[in-house]
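The values are calculated or read from the model by the stated rules, or taken from the named source; none is laboratory data. Small disclaimer: the values here were computed from a predicted structure and weren't measured. Please note: Cβ atoms are built from the backbone with ideal geometry, for glycine as well, and neighbour counts cover all protein chains shown.
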Amino acid sequence: MVVNNAQADSVLFDPKSGAVRALREGAIIILCSTTPPKYLFELRARLDAVRPDVRLLDCPVSGGSIRAANGELSIFSAGADEDINYSQTVLKAMAGPLYCIPGGISMGSVAKMCHQHQAATNIIMASEAMGLAAVAGLNTRTVYEQICKSKGRSWMFENRGPHMLANDWRTVHSAVSIILKDNTIVTNHAKEVGFPLVLENTAEQLYITGTHAGFTKDDDAGLVRLYLPSDKKDLVGQLTESATTSVGDADIAVETIIDLFAGVHLASARECMAFAKHVGMELTLLEDIINKGAGASAMFEIAVPQMLCSGILSLKSVKEAVEVRDKLVRMFIPILSRQSDRQ
């Protein structure tokens, strides 16, 4: 298991130490890296040139180092059915959930790419929510606890929130460089197929901003610092035991942040599913993958079944989307009016 396609090329094709010429006849390469989908076809072509007998499975993983050590990774396997069946013992030893993605090589990477759309948007949204809570003067621990019980919750928020509350981004659970790499795979592929991803491109720019600020090797929870005053980078942790638990500056309440979270999660869910349809991903399978993975959120779980049932990937078919929209409109019109009066 290597990090990216460059490392895979080195392991297999290095002139001095490349493994490809030493593999036994009919061997199966299980590629577990997160790579652009097109890389699988490039790799297959290189293998065909020197070892056409060697078989290839596209099996990117998700779950991090702890789940890897416990053999509980999510694996998105794609390739020839007979090769997947032959490799079941090995794959099941590594996997928690083992997904078989139809469509042949590259579709495992497509599934991982679509999942990472949700992971990438949810990570930066978690930082934005906690940053907003801190700047508004709210008790950040209370905000965290209430969001985790609300329609604004996401797996990433629940996971990254404690690191922000502890002001701990030097303990690296998942570095900014990793999610930027995955995010870039999504946005690059979207450009190649001509599909607009407004939220994902915005997330990418924020990850690039974090990299420019020197956060590349820090835990991605540290991106919350992008939303804090330059002289108060520890503000989230400072407000865990004090500050107001009701309404903060500019009339920002916990409920405000929950509604904002829910609204962006709804838009992100729709963008993800529309992109997945465009790149040929089976949508009900992707729904299951995301709901059981790190890309999960309450609004994705609520909205996607309604969109799929309606037959159109539109938020018009989602009852909660209309409710959230109306709440946000009622919230922002008074705020914008006050800002206008001050000017």
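Return the residues of the range 96-130 that are part of a helix (DSSP H, G or I), closer than 19 Å to K38 by Cα and either within 13 Å of the chain's Cα centre (by Cα) or not aliphatic (A, V, I, L, M) (or both); say none if nothing qualifies. Once the filter is applied, which keeps residues that are part of a helix (DSSP H, G or I), closer than 19 Å to K38 by Cα and either within 13 Å of the chain's Cα centre (by Cα) or not aliphatic (A, V, I, L, M) (or both), the range 96-130 yields G108, S109, A111, K112, M113, C114, H115, Q116, H117.
Please specify each residue of the range 219-233 satisfying the condition of being of a type in the set (D, E) and closer than 16 Å to A126 by Cα.
Residues satisfying the conditions are D219, D220.
The residues of the range 12-40 that are in a helix (DSSP H, G or I) and either exposed (fewer than 15 other Cβ atoms within 10 Å of the Cβ) or charged (D, E, K, R) (or both), listed by number, are R21, A22, K38. In the range 242-343, counting only helices (runs of 4 or more DSSP H) that sit wholly within it, the ones holding 3 or more residues that are touching a strand residue (DSSP E or B) at 6+ places or on another chain (Cβ under 9 Å) and at pLDDT below 95 span 254-278. Looking at this structure, is L91 in a helix (DSSP H, G or I), among the aliphatic types (A, V, I, L, M) and within 29 Å of T184 (Cβ to Cβ)? Judged against the criteria, L91 is a match.
So which residues in the range 41-94 are modelled with pLDDT of 90 or more and either assigned by TED's automatic domain parsing to the domain that holds W155 or of a type in the set (V, I, T) (or both)? Scanning the range 41-94 gives V50, V54, V61, I75, I84, T89, V90.
Going through V54, V11, V2 one at a time, which residue ends up being hydrophobic (A, V, I, L, M, F, W, C) and under 23 Å from the mean Cα position of the chain (by Cα)?
Step by step, each of V54, V11, V2 is checked, and only V2 is hydrophobic (A, V, I, L, M, F, W, C) and under 23 Å from the mean Cα position of the chain (by Cα).
Residue check: L56 meets all listed conditions (1) buried (at least 23 other Cβ atoms within 10 Å of the Cβ); (2) assigned to a strand (DSSP E or B) but one, namely (1).
Inspect all residues belonging to the range 187-201 and state whether any of them is of a type in the set (A, V, I, L, M), in a helix (DSSP H, G or I), under 13 Å from the mean Cα position of the chain (by Cα) and under 21 Å from I258 (Cβ atoms). Yes: the range 187-201 contains one or more residues that are of a type in the set (A, V, I, L, M), in a helix (DSSP H, G or I), under 13 Å from the mean Cα position of the chain (by Cα) and under 21 Å from I258 (Cβ atoms).
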